Every structure is written in structure tokens, then in C-alpha cells.
Amino acid sequence: MNPIQPLPGFRDFLPNDCAVRNYIFQRWREVARRYGFVEWDGPVLEPTALYTKKSGAEIVGQLFNFTDKGDREVAMRPELTPTLARVVAAHDREFKKPLKWFSIPQCFRYEKQQRGRLREHFQFNADIIGEESLGADVESIALCVDLLRAFGFAASDFVVRVSDREFWIDFLRVQNVPEEKWQEVLQIIDKSEREPREKTAARLGPLAEPAFKILDGEGGSPKLDQVLAALKVRGLADFVEVDLGIVRGLAYYSGVVFEAFDRGGKLRALAGGGRYDNLIQQLSDGAVSLPAIGFAMGDVVLGELIGEIPAAKEKLQTAIAAQQNLDIYVVIAQEDRRADALANVQALRDQGHRVDYPLTPAKVGKQFQTAEQLGARVALLFGDEWPEVKVKDLRTGEQTLVAHQEVAAKVATLL
Ligand code: HAM
């Protein structure tokens, strides 16, 4: 009989993976709150129509969808933005604008599994709803930069490339490209960096020459100059650059768009987003119209980059050790002291210390070994010395005998 394997592209989170995941989520939450964003969430399963309506062909091709037992067409969320648009339209009157909302959904896309791309991933989303001024775009990009900085990355490790869909829409208008062709052309430009020029040229046809001129840096955008100037004032200029080659794969973007990449150019995008001023109106069939901008950062590529940048890796390891290490390990040297030891364990845990002990009898040497493996700062030895307890500082090796009623006070001086 073959043991059942996990599905391709789905991860098991062993304790260390969970520690990494928690670390990533904590940094995301911390920085989002620093920027005044509040957390929200939506359902994992949505009506398939929510995505087929406006996300674009790429996402629709990647949907994990099925018919449920009530004959409904449903899909696991591939992204959060359509849910956000639905929720905001439904609760429009309850909240003062602009909204600054963040969320950490698990998303599902039936993609070909490859480096940096799985069939499930966690995605930090931050969106500003109800603000059309460029200040919101700048705030969104600054948050993206600061999130990455919080992991210990420097300007030499990553860059946020900023572009403008409107710039390309204007270009398509000038070139007399019919509107129904726009998405297709934008997709070709989006993919152009990952494709040989000849292939892109063949697909663009007569648009190739003028489009390449733009991709090669000809033609500026006053709007993007303004965005960059505002980021410069914040001291973030080194982390961003204008790159009109970014147009984003999703169909609903309408203005400024951006993506974050590792500087080495080895990995897939760390984050991506942009302005989507029409989506809420389109998904609510015109009932509510609100401008919006936001982005999402995935945990998969981020985890890969942390592994590659020593400063970020060290930061992660220090944080995990601090999270996981025990404060106190209780060594039970004499089994007839187990009840006294457990009374102390309980009292110390009540005080908020992280305390562990052997569930079954074990050799004293072995117990001390466990104490070190678990990163305990202090060991308490319950044995022949009772009613005194031996307190050992596991960093210095220093030992003292204290009356059992004094253990908590002594331990407090060592932690
Ligand atoms: P997206 O570019 O499709 O944008 O995804 C954002 C990020 O999620 C990517 O940069 C990548 O890090 C991660 N990601 C996406 N797909 C996968 C995958 N299959 N495996 C691992 N990681 C992945 C959106 O989803 C937009 N809804 C973002 C947004 C929010 N726009 C406005 N607000």
C-alpha cells in the first residue's frame, strides 16, 4: 500500500516552518500597524464568478474551483482583492474613508509548481480604499519598502519597480489599438522581460518598435517622477526605480503599478500591486464606486530571499530562538520529589515563564542535555537537597541552593 502523499504544491509546516511563518506574519503585522492599517479577513471559498468577472484570463486559468453539494460554482481564493472589493461595496456606509486595511490570507492557484510558485501561499495584502490622490500610491509603495526592510534587507538586496498602466493605455490609444486588444498587449509587455526580444517583437507586430523604445527608457512619466520625488523626501529613493516594463498580469489595474524584486534578479516577484480605481464599481455593478490602491507580498519568495541574505537570515534565527527558547527546565533528580517539582512548575507557568520538565523518569545527565537543547536559561534541580532546590544558571554554569519558597524570586534575577 502506498502511503498517501501531500498534493503537489501544498506544504506541510513542521515546527521550524511554523516558526518561520510566524516570524514573517509578525513582521508584516508590526509594520502594517506602524502605518495605521487594521486587520480584516474574508472567506477562503467564494463564488467562482467573483474571479471570472474581472481578474483576467491568467487567474481564471489557475482557479481551484468545483461545484459544491448545493450546485454552486465555487473557487478557493486565488487572491484577496476581489473579496475586498465585494466586502467594501457591501459595507460602504459603515466606514469612514479612506480605509487602510491589511490581511494575511492563504491563497490557492492551480499553477505549475516551480521555484517561488506553489499551489498555496500566504499573502500579506494592504489596501487603501477611497483615496484617489497620489499620496495613497506613495504610502502604499513606502509600506512595501518598509515591510522588506523589516526583514533586514538593504537597498542592495531588493528594489521596487514602479510603473503606470495609464501611461501604456495612453500609448495604446495613440497607436490606435482597439480597446478589446489592450489586455492582450499589456500581457505581452508584462511578460517581455522574461522572454527573448524576438519573441516579444513577433507578438507585438507593428507595436514592437515604439514599445521597445519605451521599455528602453525613452519617454518619461511626470506622474511617476512625482511618486519618486515623494519617496525621496521620505529617504526611500534607493529602494525604488521607474521601470515601464512593469504592467502587472491582473486585468483590473488602472494607474500606478509596482513590483518588488530581489536585486540579484534570480527570484520571482516578492510583491506586486497597484491602483484599481474601477474594480469596486465593476464588481458591485455600479452600486458603489471607490478609488483603491494596494499590493500583496507572498511568503514563498520572501522566505527564499531571507535564506540568501545573511543579515536577514541572522535576524530570523535570532527572533526564532527568542520565541522558542524555554526559560526554565525542571530537572527531577529524585522521583519522590516529582509532586513538589510539579507544584513549582505550575506556579512558575502561572507567572508567565516558559517551563518544561520530563514527563517520565530520566537520568539527570539526560535531563540537563534536554534543558540545553530546548535553550533553557535556568535549570532547577529537585532532589536530595529538598527542601532546598538547586538553581543553575545555564549560561554561566553558576549554581546556588535556595529554599523552595524562594525559587521564583531567585529565578526572576536570572531571566
Ligand atoms: P499577485 O502579483 O498575483 O498580486 O501576487 C502578489 C504576490 O503573491 C506575488 O508577488 C508573489 O510573491 C505571491 N504569489 C502569487 N502567486 C503565488 C504562487 N503561486 N506561489 C507563491 N507565491 C505567489 C495579487 O494577488 C494582487 N491581488 C495584489 C493586490 C492587492 N493588488 C491590489 N491589492
- Message: Out of everything in segment 367-394 that is surrounded by 21 or more Cβ atoms within 10 Å (Cβ to Cβ) and in contact with a Lys or Arg (Cβ under 8 Å, 6 or more places away or on another chain), what residue ends up being farthest from Leu415 (Cα to Cα)?
- Response: Phe382
- Look through segment 102-133, keep the residues that are open to solvent by 10 Å² or more (accessible area, probe 1.4 Å), among the polar types (S, T, N, Q) and near the ligand (Cβ under 10 Å from one of its atoms), and return whichever of them is modelled with the highest pLDDT. Gln123
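Out of the residues in segment 70-84 that are under 20 Å from Glu111 (Cβ atoms) and aliphatic (A, V, I, L, M), state the one that is most open to solvent (accessible area, probe 1.4 Å). Walk me through it before giving the result.
Residues of segment 70-84 that are under 20 Å from Glu111 (Cβ atoms), as a first pass: 74-83.
Now narrow it down to the ones that are aliphatic (A, V, I, L, M): 74-76, 80.
Working: Val74: 12, Ala75: 0, Met76: 45, Leu80: 4 Å².
Selected residue: Met76.
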- Item | Selection count, segment 255-282, where residues are open to solvent by less than 30 Å² (accessible area, probe 1.4 Å), farther than 19 Å from Gly298 by Cβ and touching a Phe, Trp or Tyr at 6+ places or on another chain (Cβ under 9 Å) | 3
- out of contact with any Phe, Trp or Tyr (no Cβ under 9 Å at 6 or more places or on another chain), open to solvent by less than 20 Å² (accessible area, probe 1.4 Å), farther than 24 Å from Asp285 by Cβ and modelled with pLDDT of 95 or more: does that describe Ala19? yes
- Flag if Glu314 is out of contact with any Ser or Thr (no Cβ under 8 Å at 6 or more places or on another chain), acidic (Asp, Glu) and within 9 Å of the ligand (Cβ to nearest atom): no
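Only one of these is touching an Asp or Glu at 6+ places or on another chain (Cβ under 7 Å), away from the ligand (no atom under 13 Å from the Cβ) and open to solvent by 20 Å² or more (accessible area, probe 1.4 Å): Thr67, Thr52, Thr48. Name it. Quick ask: steps written out before the conclusion?
Details: Thr52 fails: touching an Asp or Glu at 6+ places or on another chain (Cβ under 7 Å); Thr48 fails: open to solvent by 20 Å² or more (accessible area, probe 1.4 Å).
Going through Thr67, Thr52, Thr48 in turn, the sole match is Thr67.
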- Task: Within segment 165-216, track down each residue that is over 22 Å from Ala57 (Cβ atoms) and acidic (Asp, Glu).
- Result: Asp170, Glu198, Glu209, Asp216
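Can you confirm whether segment 218-227 contains a residue that is within 30 Å of Gln26 (Cα to Cα) and in a helix (DSSP H, G or I)? Spell out how you get there, then give the answer.
Looking only at segment 218-227, we keep the residues that are within 30 Å of Gln26 (Cα to Cα), and these are 227.
Now restrict to residues that are in a helix (DSSP H, G or I): 227.
There is at least one residue in segment 218-227 that is within 30 Å of Gln26 (Cα to Cα) and in a helix (DSSP H, G or I).
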- Can Glu180 be described as outside any helix (DSSP H, G or I) and surrounded by fewer than 19 Cβ atoms within 10 Å (Cβ to Cβ)? no
- Please specify each residue of segment 288-311 satisfying the condition of being more than 16 Å from the ligand (Cβ to nearest atom) and in contact with a helix residue (DSSP H, G or I) (Cβ under 6 Å, 6 or more places away or on another chain). Val288, Ser289
- Residue list for segment 341-355, filter: part of a helix (DSSP H, G or I) and either open to solvent by less than 40 Å² (accessible area, probe 1.4 Å) or within 30 Å of Arg263 (Cβ to Cβ) (or both): Ala341, Asn344, Val345, Leu348
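Residue by residue through segment 48-91, note down the ones that are polar (S, T, N, Q) and in contact (Cβ under 8 Å) with a residue 60 or more places away in the chain.
Quick first cut of segment 48-91, residues polar (S, T, N, Q) only: 48, 52, 55, 62, 65, 67, 81, 83.
The answer is Ser55, Thr81.
Answer yes or no: is there a residue in segment 87-99 that is within 11 Å of the ligand (Cβ to nearest atom) and modelled with pLDDT of 95 or more. Even if it seems obvious, please write down each step before you answer.
Initially, segment 87-99 is screened for residues within 11 Å of the ligand (Cβ to nearest atom), giving none.
There is no residue in segment 87-99 that is within 11 Å of the ligand (Cβ to nearest atom) and modelled with pLDDT of 95 or more.
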- Task: Tell me, please, whether a residue that is out of contact with any strand residue (DSSP E or B) (no Cβ under 8 Å at 6 or more places or on another chain) and farther than 25 Å from Glu39 by Cα can be found in segment 288-304.
- Result: yes
- Count of segment 221-269 residues which are within 15 Å of the ligand (Cβ to nearest atom), among the aliphatic types (A, V, I, L, M) and within 13 Å of Ala155 (Cβ to Cβ): 1
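Within the group Asp157, Asp92, Asp137, which residue is acidic (Asp, Glu) and under 27 Å from Glu46 (Cα atoms)? Lay out the reasoning, then the answer.
Details: Asp157 fails: under 27 Å from Glu46 (Cα atoms); Asp137 fails: under 27 Å from Glu46 (Cα atoms).
Going through Asp157, Asp92, Asp137 in turn, the sole match is Asp92.
The values are calculated or read from the model by the stated rules, or taken from the named source; none is laboratory data. What you see is a predicted model; the values in this text were computed from it and never measured. When we count neighbours, we look across all protein chains shown, and the Cβ atoms used for this are built from the backbone with ideal geometry, even at glycine. All accessible areas refer to the heavy atoms of the entire protein, side chains included, with ligands and DNA or RNA removed. Shrake-Rupley method; radii C 1.70, N 1.55, O 1.52, S 1.80 Å.
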